[in-house]
Amino acid sequence: MINFDLLVAGCDTRCKHCYVNGGPLPRMKVDDAVLCIERLDAIAANLPDEAYFTLDHEPMGHPDVGRIIGAAAGKKHIRHHHHGMTTGVGLMRRDDREVVLDRYLSAGFGSFGVTIHGGEALHDEIVRRKGAFSTSVAFGEFVKARGAELEVSLMVNRFFPQQREEISATLDRLKPDCIYIALPIFTPHKNGMDYEPYRASVRDVETLGEWFRTLGKDDAELIERARESSVGFAVQTLQNGWDLFTLFSEPQGEKYLTVHPDCHLYMGNSGAETKCLGDLRLIDPEATAARISEAPDNRDYGAFYDTSMLPETERVIDALKGLPQETVYGDCPSVICRGLAALNIPTRILGYSSKQR
């Protein structure tokens, strides 16, 4: 699978765990956005794999999002992947919110999601925007009232055990159609350290076991996954012979690309771009498709590392032993990334920096 992130507008929050460079960004001009979608369709026509694009970061904050949604629907060669996750701020501050939501619904995009980080004060602290919690809740109630489905992602942190009653009250109020349980990963990204004071431990997840069951979740599975995503588990796995260099060289099975508001196309997810392929409005679709096809997969952020810079496994083990062993990082490659950060290993990435043209 190949996915293009089309950054049509900035985000209304700056979440401490964000791995896609959230926060204010210039908006893409609406004519450019429509043209970029057409150009992505032309590129996709020359790709051997299934191609998708996603409108990011907060498309509902774009003044002409209705026109952009119309352009996104029904392309011949590329599919609009509507992940639906939003802070809600972009829509709820609009006077034409009913019109915009109806535009989404008429285009076949009927599911939306919000992320909850805890109670109101904690949520606003983590996303770094006062009033964000109340806006997300208001958004959830708004889309439900207009017949859309609502998904809630619970971004579990170490304060959840103390705040589960407040979180439960929020869920009772929203009555979501689906609830996801998320444990943020650690990425080689400038925000990677900002979330550390909030990161959950295995013990925190274990404490939440009975509560997870009330949400219809398999608490045993969640606890096991947390244990397998902990520092201690990574240490044991490395000590048992896990090949660090092989881990960071494994094929990823997916490719991520990003289109910036200035219409430049990059290899890599937003926040971890590696090589600029040129201005999407001007580059040749067939030649660009060939370059994309030849590029390595990059789904896992570990794929961005130059393996020649990786230290010996024993050094990583020693660094990980210096961290709390129950801390949960989402998956083992993310734990290794945290170990490299503890060693102050340069996170030089392959290709060119995102500032190069």
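Nothing in this text is a laboratory measurement; each read-out follows from the coordinates by a stated rule. The structure presented is a predicted model; accordingly, all values stated were derived computationally and were not measured. With ideal geometry, Cβ positions are generated from the backbone for all residues, glycine too; neighbour counts draw on all protein chains shown.
Beyond 34 Å, how much of the Cα-Cα pair distribution for the chain remains, as a whole percent? Write down the numbers at each step before the final one.
Numbers: 18716 of 63546 pairs.
Beyond 34 Å sits 29 percent of the P(r) for the chain.
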> Quick one: Cα centre-to-centre distance for region 3-25 and region 37-103, in angstrom?
Replying inline: 15 Å
>> Restricting to Cα pairs below 8 Å that are 6+ residues apart, what does the relative contact order work out to for region 1-140? Please round to a whole percent.
In response: 27 percent
> Isolated Cys in the chain by the 4.7 Å beta carbon test?
Replying inline: 11, 36, 178, 263, 276, 332, 337
> Say each of residue 96 and residue 45 gets a label point 7 Å from the Cα, pointing the same way as Cα to Cβ; how far apart are those two points in nm?
Replying inline: 3.1 nm
> What list do you get for 123, 81, 62 if you sort them by fewest beta carbons within 10 Å?
Replying inline: 81, 62, 123
> For residue 254 and residue 306 in one chain, what is 0.36 nm times their gap in residues minus the Cα-Cα distance, to one decimal in nm?
Replying inline: 16.9 nm
>> Projecting each Cα onto the charge dipole of region 89-201 (Lys/Arg +1, Asp/Glu -1 at the beta carbon, about the Cα centre), which of 126, 99, 136 comes out farthest on the positive side?
In response: 126
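If I take every Cα pair under 8 Å that is 6 or more residues apart in the chain, average their sequence separation and divide by the length, what percent do I get for the relative contact order?
It rounds to 20 percent for the chain.
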> Taking other Cβ within 10 Å of each residue's Cβ, how do 83, 117, 260 sort, fewest first?
Replying inline: 83, 260, 117
> Quick one: which of 217/321; 16/217; 76/275; 16/130; 175/217 span more than 22 angstrom between C-alpha atoms?
Replying inline: 217/321; 16/217; 76/275
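Write down Rg/Rh for region 84-213, rounded to two decimals, with Rg from the C-alpha atoms and Rh from the Kirkwood relation over Cα pairs.
Reported Rg/Rh (Cα atoms, Kirkwood Rh): 0.99.
Under a Cβ-Cβ cut-off of 10 Å, what is the net charge of the residues other than residue 258 that fall near it, where Lys and Arg count +1 and Asp and Glu count -1?
Neighbour charge sum, excluding residue 258 itself: -3.
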> Given charges of +1 on the Cβ of Lys and Arg and -1 on the Cβ of Asp and Glu, with all other atoms neutral, how large is the dipole of the chain about its Cα centre, in debye to the nearest 20?
Replying inline: 800 debye
